[in-house]
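Here's the structure, in C-alpha coordinates; my notes come after.
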Amino acid sequence: MSKEIPVLDYGLLTSNPAKFVQDLKQAASEWGFFFLKNHNIPQSEVDKNFALAEKFFHGPNPGDEFKINKDNVGYSGRWQEGYGMDDHISYNFSGRYRMPMTLPPILAADYDRIQEFKKSVWELALELMRGFAIALNLEPDHFAKWHDFNKDPGMNLRFMYYPENHKPEEGQTRIREHSDFGTITVLFQKDVGGLEVLSPSGTWVTAPVIPGAPLINIGDFLQIWSAGELKSTVHRLTFKNGSAERYSMPCFVGANVSTLYRGLL
Ligand SMILES: O=C(O)CCC(=O)C(=O)O
Ligand SMILES: [Fe+2]
(Lines give C-alpha, C1' and ligand atoms only; values in the text may rest on other atoms or scores of the structure.)
(Ligands and ions follow the chains in the order given, each with its own letter.)
Protein backbone atom coordinates (compact mmCIF):
# COMPACT_ATOMS: atom_id res chain seq x y z
CA MET A 1 0.00 0.00 0.00
CA SER A 2 1.37 3.38 -0.98
CA LYS A 3 2.67 5.59 1.86
CA GLU A 4 1.80 8.69 -0.12
CA ILE A 5 -1.40 9.94 -1.66
CA PRO A 6 -1.48 8.30 -5.10
CA VAL A 7 -1.05 10.37 -8.27
CA LEU A 8 -3.20 9.15 -11.17
CA ASP A 9 -2.67 9.89 -14.83
CA TYR A 10 -5.91 10.89 -16.56
CA GLY A 11 -4.16 10.31 -19.92
CA LEU A 12 -4.50 6.56 -19.28
CA LEU A 13 -8.25 6.90 -19.72
CA THR A 14 -7.62 6.95 -23.48
CA SER A 15 -4.30 5.09 -23.76
CA ASN A 16 -5.02 2.27 -21.28
CA PRO A 17 -8.52 2.55 -19.80
CA ALA A 18 -8.34 -0.79 -17.97
CA LYS A 19 -5.23 0.39 -16.10
CA PHE A 20 -6.87 3.74 -15.32
CA VAL A 21 -9.92 2.03 -13.82
CA GLN A 22 -7.69 -0.28 -11.79
CA ASP A 23 -5.65 2.67 -10.44
CA LEU A 24 -8.82 4.55 -9.66
CA LYS A 25 -10.28 1.65 -7.70
CA GLN A 26 -7.09 1.06 -5.77
CA ALA A 27 -6.68 4.74 -4.86
CA ALA A 28 -10.31 5.14 -3.84
CA SER A 29 -10.52 1.94 -1.85
CA GLU A 30 -7.23 2.45 0.02
CA TRP A 31 -6.89 6.22 0.43
CA GLY A 32 -10.15 7.77 -0.73
CA PHE A 33 -7.87 10.56 -2.04
CA PHE A 34 -5.73 10.91 -5.16
CA PHE A 35 -4.09 13.58 -7.29
CA LEU A 36 -5.06 13.69 -10.94
CA LYS A 37 -2.59 14.85 -13.57
CA ASN A 38 -3.14 15.31 -17.32
CA HIS A 39 -6.82 16.21 -16.94
CA ASN A 40 -8.46 18.63 -19.35
CA ILE A 41 -9.28 21.60 -17.12
CA PRO A 42 -7.17 24.52 -18.34
CA GLN A 43 -4.70 25.77 -15.74
CA SER A 44 -5.29 29.29 -17.07
CA GLU A 45 -8.89 29.10 -15.76
CA VAL A 46 -7.74 27.83 -12.37
CA ASP A 47 -5.25 30.71 -12.22
CA LYS A 48 -7.95 33.25 -13.11
CA ASN A 49 -10.10 31.93 -10.28
CA PHE A 50 -7.30 32.23 -7.76
CA ALA A 51 -6.49 35.76 -8.96
CA LEU A 52 -10.15 36.69 -8.55
CA ALA A 53 -10.31 35.07 -5.11
CA GLU A 54 -7.28 37.07 -4.03
CA LYS A 55 -8.88 40.32 -5.21
CA PHE A 56 -12.15 39.42 -3.50
CA PHE A 57 -10.76 38.33 -0.13
CA HIS A 58 -8.39 41.30 0.03
CA GLY A 59 -11.19 43.68 -0.94
CA PRO A 60 -13.82 45.27 1.30
CA ASN A 61 -16.14 43.04 3.29
CA PRO A 62 -18.97 42.33 0.83
CA GLY A 63 -21.65 43.20 3.38
CA ASP A 64 -24.73 41.43 4.73
CA GLU A 65 -26.65 41.26 1.51
CA PHE A 66 -24.05 38.83 0.13
CA LYS A 67 -23.91 36.61 3.20
CA ILE A 68 -24.48 32.91 2.66
CA ASN A 69 -28.17 32.24 1.96
CA LYS A 70 -30.55 29.29 2.19
CA ASP A 71 -29.37 28.03 -1.21
CA ASN A 72 -25.83 27.83 0.14
CA VAL A 73 -24.70 30.72 -2.06
CA GLY A 74 -22.63 33.56 -0.67
CA TYR A 75 -20.03 34.73 1.75
CA SER A 76 -19.04 33.34 5.15
CA GLY A 77 -16.67 35.37 7.33
CA ARG A 78 -14.03 34.21 9.80
CA TRP A 79 -14.99 31.87 12.66
CA GLN A 80 -18.38 31.04 11.24
CA GLU A 81 -17.78 27.32 10.84
CA GLY A 82 -16.37 24.51 12.92
CA TYR A 83 -18.40 25.62 15.96
CA GLY A 84 -16.73 29.01 15.77
CA MET A 85 -13.24 27.49 15.84
CA ASP A 86 -12.39 27.31 12.12
CA ASP A 87 -10.33 30.15 10.71
CA HIS A 88 -11.32 30.54 7.08
CA ILE A 89 -13.39 32.78 4.86
CA SER A 90 -15.32 31.47 1.89
CA TYR A 91 -17.57 32.34 -1.00
CA ASN A 92 -19.88 29.60 -2.28
CA PHE A 93 -21.00 29.50 -5.89
CA SER A 94 -23.59 26.75 -5.42
CA GLY A 95 -25.92 25.30 -8.01
CA ARG A 96 -26.26 26.45 -11.58
CA TYR A 97 -28.73 29.30 -11.75
CA ARG A 98 -28.05 32.66 -10.24
CA MET A 99 -28.48 36.17 -11.53
CA PRO A 100 -25.13 37.94 -11.91
CA MET A 101 -26.46 41.18 -10.45
CA THR A 102 -26.94 39.55 -7.08
CA LEU A 103 -23.22 38.73 -6.82
CA PRO A 104 -20.74 41.01 -5.04
CA PRO A 105 -19.44 43.47 -7.68
CA ILE A 106 -15.89 42.06 -7.68
CA LEU A 107 -17.19 38.60 -8.63
CA ALA A 108 -20.05 39.58 -10.93
CA ALA A 109 -18.04 40.12 -14.12
CA ASP A 110 -16.69 36.58 -13.96
CA TYR A 111 -20.03 34.91 -13.39
CA ASP A 112 -20.37 33.24 -16.82
CA ARG A 113 -16.75 32.16 -16.86
CA ILE A 114 -17.13 30.59 -13.41
CA GLN A 115 -20.25 28.73 -14.50
CA GLU A 116 -18.28 27.32 -17.45
CA PHE A 117 -15.48 26.34 -15.11
CA LYS A 118 -17.95 24.57 -12.82
CA LYS A 119 -19.31 22.69 -15.79
CA SER A 120 -15.85 21.50 -16.81
CA VAL A 121 -15.14 20.22 -13.29
CA TRP A 122 -18.56 18.59 -13.24
CA GLU A 123 -17.80 16.74 -16.47
CA LEU A 124 -14.47 15.53 -15.14
CA ALA A 125 -16.19 14.28 -11.98
CA LEU A 126 -18.72 12.41 -14.11
CA GLU A 127 -15.94 10.66 -16.03
CA LEU A 128 -14.43 9.57 -12.73
CA MET A 129 -17.84 8.30 -11.58
CA ARG A 130 -18.02 6.21 -14.74
CA GLY A 131 -14.59 4.82 -13.93
CA PHE A 132 -15.73 3.92 -10.42
CA ALA A 133 -18.87 2.24 -11.75
CA ILE A 134 -16.84 0.14 -14.22
CA ALA A 135 -14.37 -0.73 -11.45
CA LEU A 136 -17.27 -2.03 -9.35
CA ASN A 137 -18.79 -4.03 -12.25
CA LEU A 138 -21.79 -1.73 -12.50
CA GLU A 139 -23.13 -0.20 -15.68
CA PRO A 140 -20.96 2.85 -16.51
CA ASP A 141 -23.66 5.46 -15.78
CA HIS A 142 -24.74 3.89 -12.50
CA PHE A 143 -23.59 6.94 -10.47
CA ALA A 144 -23.22 9.54 -13.23
CA LYS A 145 -26.85 9.41 -14.35
CA TRP A 146 -28.00 11.02 -11.13
CA HIS A 147 -25.81 14.05 -11.81
CA ASP A 148 -27.40 16.24 -14.48
CA PHE A 149 -25.77 19.67 -14.65
CA ASN A 150 -28.70 21.09 -16.59
CA LYS A 151 -31.19 20.20 -13.88
CA ASP A 152 -30.43 21.05 -10.27
CA PRO A 153 -26.83 19.97 -9.76
CA GLY A 154 -25.68 19.32 -6.23
CA MET A 155 -22.60 21.38 -6.89
CA ASN A 156 -20.76 23.90 -4.83
CA LEU A 157 -17.63 25.61 -6.06
CA ARG A 158 -16.08 27.29 -3.11
CA PHE A 159 -13.40 29.97 -2.99
CA MET A 160 -11.59 29.50 0.31
CA TYR A 161 -9.18 31.81 2.03
CA TYR A 162 -7.23 31.03 5.17
CA PRO A 163 -5.85 34.31 6.52
CA GLU A 164 -2.37 34.45 7.96
CA ASN A 165 -2.69 33.68 11.66
CA HIS A 166 0.42 33.19 13.73
CA LYS A 167 -1.36 33.30 17.09
CA PRO A 168 -4.24 30.86 17.02
CA GLU A 169 -5.85 30.03 20.32
CA GLU A 170 -6.06 26.58 21.85
CA GLY A 171 -8.40 24.35 19.85
CA GLN A 172 -8.58 26.59 16.79
CA THR A 173 -8.03 25.04 13.36
CA ARG A 174 -8.07 26.21 9.78
CA ILE A 175 -10.67 23.56 9.02
CA ARG A 176 -11.49 20.90 11.52
CA GLU A 177 -11.38 17.18 10.90
CA HIS A 178 -14.25 16.17 8.64
CA SER A 179 -15.22 14.11 5.62
CA ASP A 180 -17.04 15.60 2.63
CA PHE A 181 -20.65 14.51 2.27
CA GLY A 182 -21.35 14.40 -1.48
CA THR A 183 -20.16 12.18 -4.31
CA ILE A 184 -16.72 13.54 -5.28
CA THR A 185 -14.71 16.63 -4.32
CA VAL A 186 -12.18 18.15 -6.71
CA LEU A 187 -9.81 20.43 -4.77
CA PHE A 188 -7.54 22.96 -6.42
CA GLN A 189 -4.77 24.30 -4.20
CA LYS A 190 -2.86 27.47 -5.00
CA ASP A 191 0.72 27.49 -3.74
CA VAL A 192 0.49 26.98 0.01
CA GLY A 193 -0.43 23.47 1.19
CA GLY A 194 -1.11 22.11 4.62
CA LEU A 195 -4.07 19.79 4.12
CA GLU A 196 -3.73 16.64 6.21
CA VAL A 197 -5.34 13.39 5.17
CA LEU A 198 -5.85 10.36 7.39
CA SER A 199 -3.80 7.65 5.71
CA PRO A 200 -4.84 3.99 5.43
CA SER A 201 -2.46 3.19 8.29
CA GLY A 202 -4.15 5.74 10.53
CA THR A 203 -1.47 8.46 10.53
CA TRP A 204 -1.98 12.02 9.30
CA VAL A 205 -0.19 12.65 6.01
CA THR A 206 0.27 16.16 4.65
CA ALA A 207 -0.85 16.48 1.04
CA PRO A 208 1.66 18.26 -1.18
CA VAL A 209 0.67 20.89 -3.70
CA ILE A 210 1.29 19.38 -7.14
CA PRO A 211 1.08 22.09 -9.81
CA GLY A 212 -1.61 21.25 -12.33
CA ALA A 213 -2.93 18.25 -10.38
CA PRO A 214 -6.08 18.76 -8.31
CA LEU A 215 -6.64 16.55 -5.29
CA ILE A 216 -9.74 14.42 -5.58
CA ASN A 217 -11.60 12.66 -2.80
CA ILE A 218 -14.62 10.47 -2.30
CA GLY A 219 -17.56 11.88 -0.35
CA ASP A 220 -19.70 10.11 2.23
CA PHE A 221 -22.49 9.49 -0.19
CA LEU A 222 -20.30 7.65 -2.69
CA GLN A 223 -18.91 5.59 0.17
CA ILE A 224 -22.43 4.57 1.17
CA TRP A 225 -23.53 4.14 -2.44
CA SER A 226 -20.58 1.80 -3.12
CA ALA A 227 -21.29 -0.23 0.02
CA GLY A 228 -18.03 1.01 1.54
CA GLU A 229 -15.79 -0.05 -1.38
CA LEU A 230 -14.82 3.55 -2.07
CA LYS A 231 -13.67 5.39 1.02
CA SER A 232 -14.71 8.82 2.26
CA THR A 233 -11.61 9.88 4.18
CA VAL A 234 -11.25 12.34 7.02
CA HIS A 235 -9.08 15.42 6.41
CA ARG A 236 -8.23 18.71 8.18
CA LEU A 237 -5.97 21.75 8.29
CA THR A 238 -4.33 22.61 11.58
CA PHE A 239 -2.06 25.51 12.45
CA LYS A 240 0.74 23.07 13.31
CA ASN A 241 1.09 22.65 9.59
CA GLY A 242 1.60 26.35 8.85
CA SER A 243 -0.02 29.74 9.34
CA ALA A 244 0.77 31.48 6.06
CA GLU A 245 -2.06 32.90 3.97
CA ARG A 246 -3.60 30.10 1.91
CA TYR A 247 -6.06 29.85 -0.98
CA SER A 248 -7.92 26.74 -2.09
CA MET A 249 -10.89 25.99 -4.28
CA PRO A 250 -12.87 22.82 -3.58
CA CYS A 251 -15.64 21.85 -5.99
CA PHE A 252 -18.13 19.60 -4.28
CA VAL A 253 -20.00 17.43 -6.75
CA GLY A 254 -23.16 15.71 -5.57
CA ALA A 255 -26.28 14.12 -7.05
CA ASN A 256 -29.12 16.31 -8.28
CA VAL A 257 -30.79 18.09 -5.42
CA SER A 258 -34.16 16.55 -6.31
CA THR A 259 -32.76 13.01 -6.09
CA LEU A 260 -34.29 10.89 -3.38
CA TYR A 261 -31.10 9.24 -2.15
CA ARG A 262 -32.90 6.45 -0.34
CA GLY A 263 -34.12 5.11 -3.65
CA LEU A 264 -30.58 4.74 -4.99
CA LEU A 265 -29.18 2.41 -2.37
O1 LIG B 1 -8.92 24.04 1.81
C2 LIG B 1 -8.67 22.86 1.67
O3 LIG B 1 -7.62 22.46 1.19
C4 LIG B 1 -9.65 21.80 2.09
C5 LIG B 1 -11.03 22.29 2.28
C6 LIG B 1 -11.98 21.21 2.68
O7 LIG B 1 -11.61 20.14 3.04
C8 LIG B 1 -13.42 21.46 2.58
O9 LIG B 1 -13.81 22.63 2.36
O10 LIG B 1 -14.20 20.50 2.71
FE1 LIG C 1 -13.26 18.72 2.96
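The values are calculated or read from the model by the stated rules, or taken from the named source; none is laboratory data. Keep in mind it's a predicted model, so treat the numbers as computed, not measured. Cβ: placed from backbone, ideal geometry, glycine included. Neighbour counts: every protein chain shown.
Tabulated data
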{"quantity": "HIS142, sole failed condition from (1) more than 12 Å from ligand 1 (Cβ to nearest atom); (2) under 30 Å from ASN61 (Cβ atoms); (3) touching a Leu at 6+ places or on another chain (Cβ under 9 Å)", "calculated": "(2)"}
{"quantity": "Scope region 139-176; condition closer than 22 Å to SER226 by Cβ and more than 19 Å from the chain's Cα centre (by Cα); matching residues", "calculated": "GLU139, PRO140, ASP141, HIS142, LYS145"}
{"quantity": "Only one of ILE224, ILE210, ILE218 that is more than 16 Å from ligand 2 (Cβ to nearest atom) and within 19 Å of GLU4 (Cβ to Cβ)", "calculated": "ILE210"}
{"quantity": "Residue satisfying condition, being surrounded by 16 or more Cβ atoms within 10 Å (Cβ to Cβ) and either under 21 Å from ASN92 (Cα atoms) or within 16 Å of ligand 1 (Cβ to nearest atom) (or both), within set ILE134, ILE175, ILE210", "calculated": "ILE175"}
{"quantity": "Some residue of region 176-185 being away from ligand 2 (no atom under 16 Å from the Cβ) and of a type outside the set (Phe, Trp, Tyr)", "calculated": "no"}
{"quantity": "Any hit, region 157-164, residues being in a loop (DSSP other than H, G, I, E, B) and more than 10 Å from ligand 1 (Cβ to nearest atom)", "calculated": "yes"}
{"quantity": "Selection from region 228-242 of residues that are out of contact with any strand residue (DSSP E or B) (no Cβ under 8 Å at 6 or more places or on another chain) and at pLDDT below 95", "calculated": "LYS240, GLY242"}
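Per-residue answers, yes or no, for (1) in contact (Cβ under 8 Å) with a residue 24 or more places away in the chain; (2) within 19 Å of ASP148 (Cα to Cα); (3) in contact with a Ser or Thr (Cβ under 8 Å, 6 or more places away or on another chain):
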| position | (1), (2), (3) |
| --- | --- |
| LEU215 | yes, no, no |
| SER226 | yes, no, no |
| THR233 | yes, no, yes |
| PRO250 | yes, no, yes |
| GLY254 | yes, yes, yes |
| VAL257 | yes, yes, no |
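Let's see how each residue does on (1) away from ligand 1 (no atom under 14 Å from the Cβ); (2) crowded, with 19+ Cβ neighbours inside 10 Å; (3) of a type outside the set (Gly, Ala, Ser):
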position: SER201; (1), (2), (3): yes, no, no
position: ASP220; (1), (2), (3): no, no, yes
position: TRP225; (1), (2), (3): yes, yes, yes
position: THR233; (1), (2), (3): no, yes, yes
